[in-house]
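The values are calculated or read from the model by the stated rules, or taken from the named source; none is laboratory data. Treat the numbers as computed from the prediction; the structure is a model and nothing was measured. Because the Cβ atoms are built from the backbone with ideal geometry, glycine has one as well, and the counts that use them run over all protein chains shown. To get the accessible areas, we keep the full protein, side chains included, count just its heavy atoms, and leave off ligands, DNA and RNA. Shrake-Rupley method; radii C 1.70, N 1.55, O 1.52, S 1.80 Å.
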Amino acid sequence: MTATYTPGTPCRLADVPHWDAETDVLVVGFGIAGACAAIEAASAGASVTVLEVASTWGGSAALSGGEFYLGGGGGTPVQQAAGFEDSTEDFASYLRLSGGPGVDEERVGLYAEGALDHFRWLQEQGIPFKGTFLPGKWLEPMTDDTLIWSGSEMAWPFSAVAKPAPRGHAAQMEGMGAGKVIMDLLAERALGLGVRAEFDARALSLVADTDNAVQGLVARIDGQPRFIRARKGVILCAGGFICNQEMLRRFAPEALVAAEVPTTGGNDDGSGIRMGMSVGGAVSHMHEFFATKPLFPPDNMVRGIFVNQRGQRFINEDAYHGRICRYILRQPEGRAWLLMDNAIFARPDFRPDIDIAAVGESWEEVETDLGLPAGELVHTVERYNAYAEAGEDPLFHKHTQWMQPLVEPPFAALSFCPEDYPATGFTLGGLTTQPTGEVLDVDGQPVPGLYAAGRTTCGLPRWGEGYSSGISLGDGSFFGRLAGRTVAARPAADSDSDQAA
Ligand SMILES: Cc1cc2nc3c(=O)[nH]c(=O)nc-3n(C[C@H](O)[C@H](O)[C@H](O)COP(=O)(O)OP(=O)(O)OC[C@H]3O[C@@H](n4cnc5c(N)ncnc54)[C@H](O)[C@@H]3O)c2cc1C
């Protein structure tokens, strides 16, 4: 009978018929974390093989905006050139709050202390940062500028704990999608260092001895199971699990309902996490996810106010779009509308055909059209207009920069309800690891031979309400590098040869 291999069950060492190939370090996934792990491991002199299920490198990172969340140390050269100072303390305070309940203090400390060096390293890999700042509210730069406000830095409660500074460092490229620029450069760098890449190669299951010490893995290459031995260790960098409906049902049912459209390259099937769990790896924050229904650009959208189906506000609208989305999702039935008057009326650039659920010459008409309880929306707008006149939002602390009374008819309500504007997103939970990459079991002990980084782990970004653009590429690249260095420094298990997979 032909054996079947699945991520949830390790192949026992005794069942390996032969090794098809050997390498020091075996990396699963050629996205941001995998590429950075491979570069560091190869730079340290290890032989490295990367398995990638797709036909080329990149993963979600190649589809991304190419923003890294960086700062501290007085400011990166890009921040300084734009006139922003950024202390390590402020950077760490921001990251601590954005990590939410269960924040990993050690990881935050390492990242805040090391971000400036990491920025230099990214430059050394050839990633271009032009060094100019693009003011306003953006998802990613549409110009070739390389610094933006990419989180909730200027918005309450973040602005109350850390001096704001823009930290979204995007690779230089005219228009959106700089992730492709980054991944092409990192992949070329890795291959130039002698890293072997196998494409159309799906990691199926880990190979482990009876104590769950990882020895390698089984991969499907050319339609056949291949047994690849890892003399120093396996690093799982296979992304998250937003594409795996069964895992979402079990671990993140809110994400299943909320993030209807996965924001990924399509291979985030949780195979990396399941492989780690199969040998006793613990998981954390599996219910957490990033989701968005982008409202800005243009900036004008931020001058509107969100109400739920009780006609009540629920958030400061100047917060990061992902934080706003998570607040929308937890309103009754996930229903919310953005109210705008004629003076500020606009549509989101990313949703130009957004459903305008109600229009009226008065807020009473809009309230009636939306079928909201009589007087509630009208009361909310009246209170908001009074706060805007007074220059203070005592309820949600929206910055006065974004507040103006909504008094010029006609008035409109833009629908952010699930049926009109589905959210997109990805998961944030994953394997529990040391910042240096070791996968930990339920007792907090390292699983021998197993390491992980990126969205396969529960890393720096672990709270949807605190997410900022750039944290995922920042986390994946920074901790991917650490994992690569950690594994390369391990003694190699005895071997006969070093063959290509
Ligand atoms: C449109 C978009 C914009 C984004 N913008 C940003 C941004 O500007 N900044 C930011 O920080 N984040 C951004 N993100 C999120 C970010 O891209 C991801 O969170 C990040 O790439 C995760 O890194 P990773 O290395 O864990 O996974 P990936 O980069 O997705 O790499 C994982 C790789 O593993 C491969 N793989 C999976 N399973 C297997 C298997 N069994 N065997 C072999 N290979 C496997 C996948 O094919 C993939 O290539 C964006 C995402 C999208 C889609």
Task: Karplus (6.51, -1.76, 1.60) ³J(HN,Hα), θ = phi - 60°, over the range 402-415, in Hz, Gly and Pro reported as x - done: 9, 10, 8, x, 9, 10, 9, x, x, 10, 9, 10, 8, 7
- [ ] Could you list, in their original order, any pairs among K130/K180; K180/K293; K130/K293 whose Cα atoms are separated by more than 21 Å?
- [x] K180/K293; K130/K293
- [ ] Could you order Y111, Y327 by accessible surface area, starting with the largest, using a probe radius of 1.4 Å?
- [x] Y327, Y111
- [ ] Give me the aspartates and glutamates in straight-line cross-link reach of K137: C-alpha distance below 16 Å, same-chain residues under 8 apart excluded.
- [x] E67, D145, E153, D299, E317, D318, D349
TODO: Can you tell me the FRET efficiency between D353 and H379 if r is taken as the Cβ-Cβ distance and R0 is 45 Å, rounded to the nearest 0.05?
DONE: 0.90
TODO: Would you be so kind as to identify which of T4, Q312, A203 lies farthest towards the positive end of the dipole of the chain, taking Lys and Arg as +1 and Asp and Glu as -1 on Cβ and the Cα centre as origin?
DONE: T4
Open item on the list: Assuming 0.36 nm per residue, please report the length gained on full extension of the stretch V257 to E365 beyond their Cα-Cα distance.
Closed with: 35.7 nm
Task: Antiparallel bridge percentage (DSSP; both residues within the chain; nearest 5) - done: 65 percent
TODO: On the full set of protein chains, 1.4 Å probe, figure out the accessible area of L147 and give it in Å² to the nearest 10.
DONE: 0 Å²
Task: Translational diffusion coefficient (Stokes-Einstein; Kirkwood radius from C-alpha pairs) of the chain at 4 °C, 1.567 mPa s, in µm²/s - done: 55 µm²/s
- [ ] Could you rank H379, H285 by how accessible they are, 1.4 Å probe, largest area first?
- [x] H379, H285
Task: Sites R310 and Q80, calculated FRET efficiency, Cβ-Cβ separation with R0 41 Å, nearest 0.05 - done: 0.35
Task: Extension reserve of the K163-D299 stretch, reckoned as 0.36 nm per residue once the Cα distance is removed - done: 46.8 nm
Task: Nearest-20 debye value, the chain charge dipole, Cβ charges on Lys, Arg, Asp, Glu - done: 940 debye
TODO: Leaving ligands, DNA and RNA out of it, work out the accessible area of L256 with a 1.4 Å probe and give it in Å² to the nearest 10.
DONE: 50 Å²
Open item on the list: How tilted is helix 88-99 with respect to the longest principal axis of the chain? Cα atoms for both, answer in degrees (0 to 90, nearest 10).
Closed with: 90 degrees
Task: In degrees, nearest ten, helix 376-390 long axis to first principal axis of the chain (Cα) - done: 90 degrees
Open item on the list: With angles folded into 0 to 90 degrees, how steeply does helix 105-124 sit against the dominant principal axis of the chain? Use alpha carbons for both and round to 10.
Closed with: 80 degrees
Task: Debye log10 I(q)/I(0) for the range 294-415, one point scatterer per Cα, at q = 0.12 Å⁻¹ - done: -0.37
Task: Surface per residue (accessible, 1.4 Å probe) for the chain, Å² - done: 36 Å²
Task: Of V78, A252, T143, farthest towards positive along the dipole that unit charges on Lys, Arg, Asp, Glu beta carbons give the chain - done: A252
